[in-house]
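Below is one structure, written out as structure tokens, with a few remarks after it.
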Amino acid sequence: MNLEQWLKHCESLHAKNIDMGLERVQSVAKRLNLHFTCPVFTVAGTNGKGSTCAMLESILEESGFRTGVYSSPHLYDFKERCRLGRVIASEEQYVKHFERVEMARQGELLTYFEFTTLAILDLMADSNLDVAILEVGLGGRLDAVNVIDTDCAIITSIDIDHTEFLGHDRETIAREKAGIMRAHKPAIISDPVPPESLLKYAEEVGAEPWLIGRDFNFSGDKLQWSFAVRGRRSAGLAYPALRGANQIFNACAVLAALEAMRSSLPVTAQGIRNGLSLVQLPGRFQIVAGQPTLVLDVAHNPHAVAALFENLDAMGFYPCTHAVFGAMLDKDLATMLKKMEPLVTHWYFCDLPTPRAASAEYLKEMWSTVVEHKSYSGTSGAQIQTFPNPVLALEAAIKGANPADRIVVFGSFYTVGGVLEHGLPRLDAPHLQPSNAT
């Protein structure tokens, strides 16, 4: 079978899309003899995981190490989920390891995520890596990635998301994220207000927590920043190439993790500088220059949307902001819309190609409810349209926007992935016609 056929096969095995637990994965991993002979970083958190993995990858590669990265979900091509030496793995590489998992599972009913994760982990373990970087999909304690013991855990921001699986408050959710910690191993925590459950779990298992504000910190101005970690200081650093004020916390976590692993993965000062300046990750406050300006962001929960709002607000004045928005039905849609509504003058709601998604019409109804009950200063008279997919929504936004406006595409990986599927859009709206002189 080719990769597409294998993915369809994975979708058909288990009745549930998500079935929390490690027993099935551990059983198959044991039969695969799945293990890594190189250092492993595992990254969990509500937001910032992908950016953290990308910065780790970039700095380590610039310091001469061969990296493997597992990241999910993908934007538009499943193969994006595994990068080896910064290069997306080939279909042939994937297929070989899907076959190995099929043979090893011996009738075990794996979910789509469990099967594909095992295949990618097996691929990475077979790729002669110097270091593996693993992004947790959901939670941490019961996520399939947690079948691998980490050498350094990184936990990014903690906020409310996936409540049906992880809990309804930060303390409960953080306890699930903390499950990636291991005894006598560093656990880097970059949330500036870490839930107490993180620290309690670290103490219970004997992990070594490194906290921002205590073990590492940063300072800076508009041009450069400095980083300090346990008596060591790096000054005159360029800000990460990934845009957004929130990225500095992710960068701090990365540098702290590299300091914690310095004895086995010594990176160079030049590797840090080059890595931060060259890092790339599509869809994370990605600004595409053009007329109008295009902003792509996979922000898909209230915490991420709040960061997107602040980053958009810091961009300066735009006459109008056009928002292409599609999102999952299980998200806190009212809060997401309420946060963005003061900036947005035109909404383009879109359907997404998954049963989990809210329909464009539902999003329109939700927006109407938010506006009717608003008790804050918002945009009055915003225009609303609905579309069957993100591409048509973006096309309508381009037609409706003036050159000096901006278009923001956000709400889900499916939303951003939909507009990136055929390449990066380059917008070139016609200039407004000058008025005739009298």
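The values are calculated or read from the model by the stated rules, or taken from the named source; none is laboratory data. Here the structure is a predicted model, which is why all the values come from computation and not from measurement. Glycine gets a Cβ as well: all are built from the backbone with ideal geometry, and neighbour counts include every protein chain shown.
Do any helices (runs of 4 or more DSSP H) entirely within the range 229-327 hold 1 or more residues that are under 25 Å from PRO186 (Cβ atoms) and more than 20 Å from the chain's Cα centre (by Cα), and if so, which?
Counting at least 1 such residues, we get 247-260, 269-278.
Please indicate, with yes or no, whether at least one residue in the range 99-113 is out of contact with any strand residue (DSSP E or B) (no Cβ under 9 Å at 6 or more places or on another chain), in contact (Cβ under 8 Å) with a residue 24 or more places away in the chain, within 30 Å of LEU308 (Cα to Cα) and assigned by TED's automatic domain parsing to the domain that holds VAL147.
yes
For ARG86, all conditions in the list (1) out of contact with any Asp or Glu (no Cβ under 8 Å at 6 or more places or on another chain); (2) surrounded by fewer than 22 Cβ atoms within 10 Å (Cβ to Cβ) hold save one; what is the number of the exception?
Among (1) out of contact with any Asp or Glu (no Cβ under 8 Å at 6 or more places or on another chain); (2) surrounded by fewer than 22 Cβ atoms within 10 Å (Cβ to Cβ), ARG86 violates only (1).
If I filter the range 26-64 down to residues being buried (at least 22 other Cβ atoms within 10 Å of the Cβ) and hydroxyl-bearing (Ser, Thr, Tyr), which single residue comes out as nearest to ARG86 (Cα to Cα)?
SER58
Residue-wise test of (1) out of contact with any helix residue (DSSP H, G or I) (no Cβ under 9 Å at 6 or more places or on another chain); (2) in a loop (DSSP other than H, G, I, E, B).
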position: THR150; (1), (2): no, yes
position: ASP159; (1), (2): no, yes
position: PHE165; (1), (2): no, no
position: HIS168; (1), (2): yes, yes
position: PRO194; (1), (2): no, yes
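The conditions are (1) surrounded by fewer than 16 Cβ atoms within 10 Å (Cβ to Cβ); (2) within 26 Å of LEU242 (Cβ to Cβ); (3) not acidic (Asp, Glu), and VAL324 fails exactly one of them. Which is it?
(1)
Restricting attention to the range 401-420, report how many residues are surrounded by fewer than 18 Cβ atoms within 10 Å (Cβ to Cβ) and in contact with a Phe, Trp or Tyr (Cβ under 8 Å, 6 or more places away or on another chain).
1
Looking for something closer than 30 Å to ARG83 by Cβ, buried (at least 19 other Cβ atoms within 10 Å of the Cβ) and of a type in the set (D, E, K, R) - is there at least one such residue anywhere in the range 308-317?
No, every residue in the range 308-317 fails to be closer than 30 Å to ARG83 by Cβ, buried (at least 19 other Cβ atoms within 10 Å of the Cβ) and of a type in the set (D, E, K, R).
Please enumerate the residues belonging to the range 335-353 that are closer than 22 Å to ILE160 by Cα, touching a Phe, Trp or Tyr at 6+ places or on another chain (Cβ under 9 Å) and not charged (D, E, K, R).
MET336, LEU337, MET340
It is to be established whether one or more residues within the range 135-145 are surrounded by fewer than 18 Cβ atoms within 10 Å (Cβ to Cβ), of a type in the set (D, E, K, R) and assigned to a loop (DSSP other than H, G, I, E, B).
No; the residues of the range 135-145 include none that is surrounded by fewer than 18 Cβ atoms within 10 Å (Cβ to Cβ), of a type in the set (D, E, K, R) and assigned to a loop (DSSP other than H, G, I, E, B).
Quick one: GLU259 ticks every box in (1) acidic (Asp, Glu); (2) free of Cβ contacts under 8 Å to residues at least 60 places away in the same chain; (3) not assigned by TED's automatic domain parsing to the domain that holds SER234 except a single one, so which number is it?
Failing condition for GLU259: (3).
Tell me the residue from LEU22, LEU32 that is more than 20 Å from the chain's Cα centre (by Cα), at pLDDT below 95 and not polar (S, T, N, Q), please.
Just one listed residue meets the conditions, LEU22.
Considering only residues of the range 160-181 that are surrounded by fewer than 18 Cβ atoms within 10 Å (Cβ to Cβ) and modelled with pLDDT of 90 or more, which is nearest to ASP19 (Cα to Cα)?
THR172
Applying the selection to the range 64-102, what residues are among the aliphatic types (A, V, I, L, M), over 25 Å from MET20 (Cβ atoms) and not in a loop (DSSP other than H, G, I, E, B)?
Answer for the range 64-102, where residues must be among the aliphatic types (A, V, I, L, M), over 25 Å from MET20 (Cβ atoms) and not in a loop (DSSP other than H, G, I, E, B): LEU84, VAL87, ILE88, VAL95.
How many of the residues making up the range 393-417 are within 16 Å of the chain's Cα centre (by Cα) and of a type outside the set (A, V, I, L, M)? Walk me through it before giving the result.
Initially, the range 393-417 is screened for residues within 16 Å of the chain's Cα centre (by Cα), giving 409-417.
Checking the rest, the ones that are also of a type outside the set (A, V, I, L, M) come to 410-415, 417.
Qualifying residue count, the range 393-417: 7.
Can you pull out the residues in the range 339-355 that are under 19 Å from VAL419 (Cβ atoms) and surrounded by fewer than 15 Cβ atoms within 10 Å (Cβ to Cβ)?
PRO353, THR354, listed by residue number.
Take the residues in the range 356-401 that are among the β-branched types (Val, Ile, Thr) and farther than 21 Å from MET328 by Cβ, then tell me which one is modelled with the highest pLDDT.
ILE398
When you scan the range 196-211, how many residues do you find that are part of a helix (DSSP H, G or I) and either not assigned by TED's automatic domain parsing to the domain that holds LEU255 or not small (Gly, Ala, Ser) (or both)?
Summing the residues that are part of a helix (DSSP H, G or I) and either not assigned by TED's automatic domain parsing to the domain that holds LEU255 or not small (Gly, Ala, Ser) (or both) in the range 196-211 gives 8.
Yes or no: ALA119 modelled with pLDDT of 95 or more, closer than 28 Å to ARG356 by Cβ, assigned by TED's automatic domain parsing to the domain that holds MET261 and small (Gly, Ala, Ser)?
Yes: the conditions hold for ALA119.
Within the bounds of the range 220-228, is there any residue that is crowded, with 20+ Cβ neighbours inside 10 Å, in contact with a Leu (Cβ under 7 Å, 6 or more places away or on another chain) and not in a loop (DSSP other than H, G, I, E, B)?
Yes, because at least one residue in the range 220-228 is crowded, with 20+ Cβ neighbours inside 10 Å, in contact with a Leu (Cβ under 7 Å, 6 or more places away or on another chain) and not in a loop (DSSP other than H, G, I, E, B).
Look through VAL43, VAL25 and report the one residue that is assigned by TED's automatic domain parsing to the domain that holds GLY271 and either among the acidic types (Asp, Glu) or in a strand (DSSP E or B) (or both).
Testing whether each residue is assigned by TED's automatic domain parsing to the domain that holds GLY271 and either among the acidic types (Asp, Glu) or in a strand (DSSP E or B) (or both) leaves just VAL43.
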